[in-house]
Amino acid sequence: MNPVNYLYLSALLFSIGAAGVLIRRNAIVVFMCVELMLNACNLAFVTFSRLHGNLDGQIIAFFTMVVAAAEVVVGLAIIVTIFRSRHSASVDDASLMKL
Amino acid sequence: MNAAAAYTTSTGEAFQFWVLAVVAVVGALCTVLMKKAVHSALCLAGTMIVLAVFYLANGAYFLGIVQIVVYTGAVMMLFLFVVMLVGVTAADSLKETLKGQRWLAAACGLGFGVLLLAGIGNASLTSFEGLGKANAGGNVEGLAALIFTKYVFAFEITGALLITAAIGAMVLTHRERTERAATQREQAEARVRTGKQVPPLPAPGVYARHNAVDIPGLLPDGTTSELTVSETLRARGQIRDVSGEALADLAALEQRAEARLGRIERAEEAGK
């Protein structure tokens, strides 16, 4: 097996995540699909790091993880705030930028 | 390409890949397709654990552990917390706001995937270096040497980003109390002033048989009392009404049990 298969898997996971973001209406699930896409990118970075024989890819994946953690914190805070004012976590209900 | 370049991985790794790749893809599909947000979160956690194993197999030992600690440990638990806080009642609405949007979205995802896969397939990636040389002094040491020299500026910016995110989350979720909370005395006075329900609310439960908060108490005429159960339970429809049918069911069940134990037959024999 060639490690390129990891890249195929990563592309597959990324497109599943992208389709999920477009299909689902629950804001939390949409957010989880974004996390899935970020993870797929990380897998690609780690695989490229192995293909090229240096650690730079792993460093980029490390930074992606940190940024993803920060993103989750802020994103979930926004979802909780929206839920407090609208009593719904559906992205359809938040189509207007006002209450 | 130097002499160390390889063309295939070990058979063990190939076997591991094919087994776990199926698990990862199924987990990802379940994340998208599961109706309840809790199930989606659990499926995503499974996929992330599989990805951690793949990182370890690819020689990224530090990232593999960090993936488990940060993603499945912290991020997914945060997701579960918010699902418990927000989404327990929030099932996805099945009403289509845009006509045919789901199918178009699925088609877009499929097309995007085909493009990506074809792009990778066209690239000529036949041999690979492997991390043997890069990891020679230890994976963590190698990463540390890079982070604190070549990427030190990005690393410091990341620190600023994390602090900003923490403060942002606090600002977004913190609610300032605009008025003073009413004291117990004020609440009591208000209750007497309105005069609607001065003594405490009556207790739930039918004491002879059931004593639970989800069972409304019975009034003297046998009907249930609305006052005895919490409004939240009533709104969720989680109230058990034992006034009518349920009691009859229970009586029938008890009669059957007695027949099985032979009490009724014995009584009949005694009657003869």
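How about the range A:32-94: which chymotrypsin sites (Phe, Trp or Tyr not before Pro) there are in a DSSP loop, with at most 10 other Cβ atoms within 10 Å of their Cβ?
none
How far apart, in nm, are two points set 7 Å out from the Cα along the Cα-to-Cβ line at B:Val140 and at B:Trp18?
Spacing of the two 7 Å Cα→Cβ label points: 3.6 nm.
So which residue, out of B:Val23, B:Val50, B:Val213, gets the largest mean-square fluctuation from a GNM of chain B using Cα contacts under 10 Å as springs?
Sorting by GNM fluctuation, first place goes to B:Val213.
Could you state the angle between the C-alpha long axis of helix B:37-57 and the longest principal axis of the C-alpha atoms of chain B, as a value from 0 to 90 degrees rounded to the nearest 10?
Tilt relative to chain B: about 30 degrees.
Roughly what angle does helix B:152-173 make with the longest principal axis of chain B, taking Cα atoms, 0 to 90 degrees, to the nearest 10?
That helix lies at roughly 20 degrees to the long axis.
Can you work out D for the range B:1-91 in µm² s⁻¹ from Stokes-Einstein, where Rh is the Kirkwood radius over C-alpha pairs, the temperature is 25 °C and the viscosity is 0.890 mPa s?
My calculation gives 167 µm²/s for D.
Can you put A:Arg24, B:Arg191, B:Arg175 in order of accessible area, largest first, using a 1.4 Å probe?
B:Arg175, B:Arg191, A:Arg24
Rounded, prolate or oblate: which one fits the range B:130-173, using the alpha carbon gyration tensor with axes a ≥ b ≥ c (rounded when a/c is under 1.5, else prolate when a/b beats b/c, else oblate)?
It is prolate, given that a/c is not under 1.5 and a/b is the larger ratio.
Taking every pair of alpha-carbon atoms in the range A:26-86, what share in percent sits in each 10 Å bin, from 0 to the bin with the longest distance?
22, 39, 23, 12, 3, 0
Taking the Cα centre of chain B as origin, sum charge times position over the Cβ atoms of Lys and Arg (+1) and Asp and Glu (-1), and report the length of that vector in debye to the nearest 20.
Values: 23 positive and 22 negative charges, 77 e Å.
Taking the Cα centre of chain B as origin, the dipole is about 360 debye.
Within chain B, what's the longest stretch lacking chymotrypsin sites (Phe, Trp or Tyr not before Pro) that sit in DSSP loops with no more than 15 other Cβ atoms inside 10 Å?
Longest site-free region, per DSSP loop and neighbour criteria: B:8-147.
Once amide H atoms are placed 1.01 Å from N in the peptide plane, what residues at a sequence separation of 5 or more from A:Ser90, or on another chain, have their amide H within under 5 Å of its amide H?
Residues meeting the amide H criterion: A:Ala27.
Relative to the first principal axis of the alpha-carbon coordinates of chain A, what is the inclination of helix A:4-23, with its axis defined by its Cα atoms, in degrees from 0 to 90 and to the nearest 10?
Approximately 10 degrees, to the nearest ten.
At q = 0.07, 0.10 Å⁻¹, what is the log10 ratio I(q)/I(0) for chain B, with the Debye formula run over Cα points and no solvent?
Debye output, listed in q order: -0.62, -0.93.
Going toward the positive end of the dipole of the protein assembly as shown, with +1 on Lys and Arg Cβ and -1 on Asp and Glu Cβ, which of B:Ala188, A:Thr64, A:Val34 do you reach last?
Of the listed residues, the answer is B:Ala188.
In whole Hz, what ³J(HN,Hα) sequence does the range A:30-46 give by Karplus (6.51, -1.76, 1.60; θ = phi - 60°), x for Gly and Pro?
Listing the rounded values in order: 4, 5, 4, 5, 4, 4, 4, 5, 4, 5, 4, 4, 4, 4, 4, 4, 5 Hz.
Using the reciprocal of the averaged 1/r over all distinct C-alpha pairs, how large is the Kirkwood radius of the protein assembly as shown in Å?
With all distinct Cα pairs of the protein assembly as shown included, I get 25.5 Å.
Across peptide B:173-186, how many C-beta atoms of other chains are within 10 Å of each residue C-beta, on average? Show your work: numbers first, answer last.
Numbers: counts 7, 2, 2, 0, 0, 0, 0, 0, 0, 0, 0, 0, 0, 0.
Partner Cβ neighbours, averaged per residue: 1.
Per DSSP helix of 4 or more residues, -39500 (n - 2.57); summed, then divided by the residues of chain B. What does that give at 222 nm, rounded to the nearest 500?
On the way: 11 runs with 153 residues, N = 272.
Value at 222 nm, helices only: -18000 deg cm²/dmol.
Starting with the highest mean, order A:12-20, B:179-187 by the number of other Cβ atoms within 10 Å, averaged over the residues of each peptide.
Values: A:12-20: 23.9, B:179-187: 8.3.
Listed from highest to lowest mean packing, they are A:12-20, B:179-187.
The values are calculated or read from the model by the stated rules, or taken from the named source; none is laboratory data. Just so we're clear, the structure is a prediction, and the values are computed from it rather than from any experiment. Backbone-built Cβ (ideal geometry, glycine too); neighbour counts: all protein chains shown. All accessible areas refer to the heavy atoms of the entire protein, side chains included, with ligands and DNA or RNA removed. Shrake-Rupley method; radii C 1.70, N 1.55, O 1.52, S 1.80 Å.
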